[in-house]
Structure formats: C-alpha cells, structure tokens
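**Q** Have a look at this one.
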Amino acid sequence: MKIVTVVGARPQFIKAAAVSRAIRGDAAGRVQEVLVHTGQHYDSNMSAVFFEELGIPAPAHHLEISGGGHGAMTGRMLQALEAVLADEKPDWVLVYGDTNSTLAAALAAVKMHIPLAHVEAGLRSFNMRMPEEVNRIVADRVSTLLFCPTQVAVENLRNEGMTHGVHLVGDVMFDVSLYYRDLARRSSDAVQRFGLEEGGYVLTTCHRAENTDDPVRLASILGALGELAEELPVVLPVHPRTRNIIRERGMADVLGKVRVVDPLSFMDMVRLEQSARVVVTDSGGVQKEAFFYQVPCVTMRDETEWTETVDLGWNQLVGADRGRIVAAVRGARPPAGPEARPYGDGAASQAILQKLLG
Ligand code: UDP
C-alpha cells in the first residue's frame, strides 16, 4: 500500500513523526510512505531540526511554497500537490491538523478521488474567524477516515452528521510525549543553558493570528509578559511570524525583561516545558504538552479545542486581557484530584496504521 503524507508546518512534523515511525516499524513492511513537504514552514529551526531530532525520513517531494496570503499559498499548494498525486498514484493521502497544507492536500485528494485520512479530525473551536477552523472543517468533510484524538472530537463530528469512518484513536501528540519525555530530560541541557531553575520560570509562546494580527490583543499580551518578567524569568521562543510583527510595529520595548529567543528545537522545548512553573501559550500543541508534563497552563485564547485540559483543572482560558493573564499566572497551581488520561493510551499511531491497512 502506498500512502502520500503531506506536511508543511512545525506541529505537523511532530505528529507525522509518530505515525511515520509506526509505519516504518511494521515488520511486514506493508506500507510505503511518500512524504511531501509543502514548504509552509521553511526556517531550519522551524523545519529541518524536527526532521533531524525526530528521525523523520527526508521528504520525497519538497514543494517550497510559503508566504503570501491564504489564497495564494493554498492555491499554489493545490496545484503542485495535484501533480505529485498524479505522479505517485497513492492508495491514501494522509494529512494532519488544520493548516493551509492540510486544506490543499484534502482538496487535491478528494478531487482526484483518492481516499483521504485526517489525523486530529473533529476538533472544533466554534470560531470561524480562525483560519484553522475553516481548514479542519473542510478536511473533515472530505475525509474517508477521520482519526479523532478525543471523545469530544467524535461528538463534534456526530453533531455535524459525520459518523462513517470516524475512529477514536487517541492523540498522536500523547504518543510523542511518552516517547520523548525521558529522552528530552537526558539529551537537552536547555534549563541550565538558559540559566533557569527547576519550577522557577514561565515558558511562553504566541503565534495565533487572532493574537498577532490584532494590535490591541498583541500589546496586551506583550504587556502582561513584560509585567510577569519583573517577577520571575519569562522565556519566549518567538515564532517567526510574531517576531516580524513585533519588529514591524516597534513593540519590542513592551516586552521589557522577557527573554526572547529563537524557536527552540523539539528537545529543548519539551525540556523547558517539563520544568516550567507555568506555561503561557496560544498554541494547541503546547497546551497539551503542558498537561502531559503536569505543568499548569494559561491559554491566551477565548476558546480551546482541548477542553479536557480545562475541565481537569490544568488549563485556564484568559483571552488576551493583560490583567487576567497576569493574575492567572500568579495563581496557577496543579489541581488536586486523580490523574486522568483523556488523550488515549499512547498507541494512537499504531491504531491509525491498523485502520489504514484495513
Ligand atoms: N515547539 C517547538 N519549539 C518551539 C515552539 C514550539 O518545538 O520553539 C513545538 C511544541 O513543543 C509543540 C509544537 O511545536 O509540539 C506546537 O506547534 P505550534 O505551537 O507551532 O502549533 P499548534 O500546536 O498551535 O498548531
């Protein structure tokens, strides 16, 4: 069986690494995976480092498409992917998450009558202003196999009338966290390298368009981080898009003592997550990793797709309000109560492989 996997952005490399490892681990070698990198994320610290650290095979096709508006980027990807699929003639196209690369691959596959499998199906923020929400709804609608990470995702699909081909497999990011938690402790010296103390700093990321593209929200977020940095170290591995906007708008001063660093390798990021006092983020993956490593999280969004983290008391949703962000970080504590595992048993990648094999 031949599968074309389409990835393009940082979180997709991480998720695809888990499934790709399962495919390569299949003793019978039943699947040939052809990896396509659209080029959406291209900086070496947003792309190449993940292929190296996570042992992902080099892409068979690199489309080198990045930048431009959503329409231009998605359109160029769609055109290029059609050519790749015509050439490769796969049995399945496999996509992850909710980026423009996901959308383009989904459209290319369905129009060429190639069955599509979507990992992270059924997630919803119910906020159609988010480009990610549009991408995931379209991808789900045209998928043959919908791999849901959570029961909530299954119910979201049911509410939209989708039950056929829907499988609750668990979250591949949880698989990843189990695989890398000890490895990161052993192989990354990020805590010492940054001069930090165990449990004595805030780790923060910010890249969602709803925050970066809204000057009022961004100023409020940067102001909150600057205020917190007066009290304890705040480390911000800055996403290229956020870095550019901060520079263009001349907002760097607001950050005060925040330690702004380049995007971290995956090992360093996991290592810093594990020992942070609080994680402050608008990232989907980082919210969940904080939960996996039992670190309280403050989420700078108005809603989350990962509602389990909030329900279990590990995550607070505070929007972009400066006062709420600061107060939530100051008050963040691990919740009492038994450990819950809403993201599966760590074998999502295997379950996905088995379903693909039919
Ligand atoms: N990540 C990383 N280095 C960084 C920031 C994030 O390795 O400097 C990882 C993080 O650990 C998580 C993933 O990137 O696994 C999340 O990606 P991102 O926040 O870009 O996207 P989202 O999860 O919001 O779709």
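**Q** Just tell me which lysines come within less than 16 Å, Cα to Cα, of K355; anything on the same chain fewer than 8 places away is out.
**A** Partners found: K2.
**Q** Looking at segment 71-196, I'd like the Rg to Rh ratio, where Rg is from alpha-carbon atoms and Rh is Kirkwood's inverse mean 1/r. Intermediate results must be reported in sequence, preceding the final value.
**A** Working: Rg = 17.4 Å, Rh = 16.1 Å.
Over the Cα atoms of segment 71-196, Rg/Rh equals 1.08.
**Q** Tell me, what does the Kirkwood hydrodynamic radius of segment 311-358 come to in angstroms if you use every pair of distinct C-alpha atoms? Write out the running numbers ahead of the final one.
**A** Values: mean 1/r = 0.0709 Å⁻¹.
For segment 311-358, the Kirkwood estimate is 14.1 Å.
**Q** Once you list every other residue whose beta carbon is under 11 Å from the beta carbon of R341, what net charge do they have if Lys and Arg are +1 and Asp and Glu are -1? Please report the intermediate quantities before stating the final value.
**A** Details: positive: none; negative: D171, E308, E339, D345.
That sum, taken over residues with Cβ under 11 Å, equals -4.
**Q** In nm², what is the average projected area of the convex hull enclosing the Cα atoms of segment 1-135? Don't skip to the answer; put the middle values down first.
**A** On the way: hull surface 32.2 nm².
The Cα convex hull of segment 1-135, projected and averaged over all directions, gives 8.0 nm².
**Q** When you take every Cα atom in segment 291-336, what is the radius of gyration, and what is Dmax, the widest Cα pair distance, in Å?
**A** Final numbers for Rg and Dmax: 10.0, 27 Å.
**Q** Give the cross-link partners of K89 among the aspartates and glutamates, using a straight C-alpha distance below 16 Å as the criterion and excluding same-chain residues fewer than 8 apart.
**A** Partners within reach: E33.
**Q** Report, in order of residue number, the helices in the chain meeting two criteria: a C-alpha extent of 20 Å or more along the helix axis, and a mean Kyte-Doolittle hydropathy of at least -1.0; treat each whole DSSP H run as one helix. Walk me through the intermediate numbers first.
**A** Details: long enough: 10-25 (23 Å, -0.03); 70-88 (26 Å, 0.18); 172-187 (22 Å, -0.14); 215-229 (21 Å, 1.21).
Span-like helices, by this rule, are 10-25, 70-88, 172-187, 215-229.
**Q** Which of R21, R243, R30 ends up with the largest GNM mean-square fluctuation for the chain, with Cα atoms connected below 10 Å?
**A** Judging by the Gaussian network model, the answer is R30.
**Q** Based on the alpha carbon coordinates of segment 275-358, what radius of gyration and maximum Cα-Cα distance (Dmax) apply, in Å?
**A** Radius of gyration, then largest Cα-Cα span, for segment 275-358: 14.8, 52 Å.
**Q** Rule-of-thumb check for segment 55-109: C-alpha Rg over 2.2 N^0.38 Å? Before the final figure, lay out each step's value.
**A** Working: Rg = 11.3 Å, N = 55, 2.2 N^0.38 = 10.1 Å.
Compactness ratio reported: 1.12.
**Q** With just the Cα atoms defining each centre, how far is segment 291-358 from segment 109-126? Give it in Å.
**A** Spelled out, the Cα-based centre of one part sits 24 Å from the other.
**Q** Sticking with this structure for a sec: If you look at just the Cα atoms of segment 1-45, how large are its Rg and its Dmax in Å?
**A** Spelled out, the Cα radius of gyration and Dmax of segment 1-45 are 11.6, 36 Å.
**Q** Give me the Kirkwood hydrodynamic radius of the chain, using the inverse of the mean 1/r over all pairs of distinct Cα atoms, in Å to one decimal.
**A** 20.7 Å
Quick note: the coordinates plus some simple rules give every number you see, no bench work behind them. Predicted, not measured: the structure shown is a model, and the values here were computed from it. Cβ: placed from backbone, ideal geometry, glycine included. Neighbour counts: every protein chain shown.
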